[in-house]
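The next block holds one structure in the form of structure tokens; read it before the comments.
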Amino acid sequence: MDNPFLKIYRLSQLATSYKLKLLRPLGPPCQFGIEATNRCNFKCHFCPQSNNDHKNVRPVGNLSIEDFRSFIKNIKYTNCGNSNISICLDGEPTLNKNFPEFIKISNEEGFFPRFSSNGMLLTRELVDKLSPYKYLASVDFSSDSSVFDNIRGYKGSFYSVLKNVKYLVSTATTARQIKIEIVDITHFPNNPGNANSLVKMKRLFSADDLPSNIAFWSREFHNFCGHLDTRYDRLISRRYKLCPYPWSSFSVTWDGNVVACCRDTAGRTILGNVFETSIRDIWYEEKYVSLRKALVEKRVNEVAACSECDMPYSSSSGRWRIKYLLSSLLRR
């Protein structure tokens, strides 16, 4: 499905639409994601799942194989030129028993699936089952067992995840079609004493000897549309930057609801349902247009998913430049 010329054309449409602040973009979205499940086996401090009431904000359930196939078909109809698809939003995707089938179907239909996992269920058995396929797995980890167990999992979970991720890394050293991102979270919440944690974490996996399909980086934490206390009142004194998500991405919950972005895990802003309406129709309908208009006019407080989000005031201003956005989307 990946057509490099079409992809570049679609990205140029995206960039033009975003730069000119068009309320109806020239082309379809370039990034697609659907939630395998909103259940989770961890309660990470930086995630809304840590809130005991989070499970009550919207129905809890699992994506079916039939609905996943329907979504794939819907994406193909957009002719977006991009073969990447994210199989996660809220929750731990490997909790869905259909997860291996989602990866298989993605490959069969010409897609390259991506997912984020806490690693606890990425067992040898599951990794072996997925080993014939192309995919990217992103795992948040740490160089410090006490930090990981405290903010990510629970006592003893560090060593279980380390064992699983080491086997995943070992598999990917020979199965080069598999890509892995191991993401350092040791510095949460803004702990400057962990400046060398990424280096330490790489040593756990002998990173100097690993192939290029295995990458390490540090996470920049955001407040998930208001979940974290990021001193929002202080942030809004910074220069407002127009969020690119409503011009580039399309995020869907397990039951088909289209949400404002991949950070709207609570489903605060619903823009349509992809199992009832085509992606193209939802993308250009009034709810999406109204969302874009509100952000262009800096009426962020009128959008439930955006009213407390720190992304428009992010300190890393480079991420908002067209050059960065295009290079990021080209990789995806």
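The values are calculated or read from the model by the stated rules, or taken from the named source; none is laboratory data. A quick note: this is a predicted structure, and the numbers were derived from the prediction, not measured. Every residue, glycine among them, receives a Cβ derived from its backbone with ideal geometry; neighbour counts consider all protein chains shown. Surface areas here come from the heavy atoms of the whole protein model, side chains and all, with no ligands, DNA or RNA. Shrake-Rupley method; radii C 1.70, N 1.55, O 1.52, S 1.80 Å.
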Discussion item. Classify the range 1-139 from the C-alpha gyration tensor, please: rounded if a/c falls under 1.5, else prolate or oblate depending on whether a/b exceeds b/c.
Written reply: oblate
Discussion item. Starting from the Kirkwood Rh over alpha-carbon pairs, what translational D in µm² s⁻¹ does the range 67-142 have by Stokes-Einstein at 25 °C and 0.890 mPa s?
Written reply: 188 µm²/s
Worksheet, complete the sentence: Rounded to whole Å², per residue accessible area for the chain with a 1.4 Å probe reads 46 Å²
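Taking Rh as the Kirkwood radius computed over C-alpha pairs, what is the Stokes-Einstein D of the chain at 4 °C in a medium of viscosity 1.567 mPa s, expressed in µm² per second? Before the final figure, lay out each step's value.
Numbers: Rh = 20.5 Å.
For these conditions, the coefficient is 63 µm²/s.
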Discussion item. Per-residue counts of other Cβ atoms within 10 Å, averaged by peptide: what ranking do you get for 91-104, 279-292, highest first?
Written reply: 91-104, 279-292
Item to complete: In Å and from the alpha-carbon atoms only, list the Rg and Dmax of the range 55-94.
Response: 12.6, 37
Discussion item. Please report the antiparallel percentage of DSSP beta bridges with both residues in the chain, rounded to the nearest 5.
Written reply: 20 percent
Response to the item:
From DSSP H assignment alone, runs of 4+ in the chain each adding -39500 (n - 2.57), the sum over residues rounded to the nearest 500 puts [θ] at 222 nm at -10000 deg cm²/dmol
Discussion item. Given a 1.4 angstrom probe, I'd like the percentage of the accessible area of the range 70-148 that is carbon and sulfur, rounded to a whole number.
Written reply: 45 percent
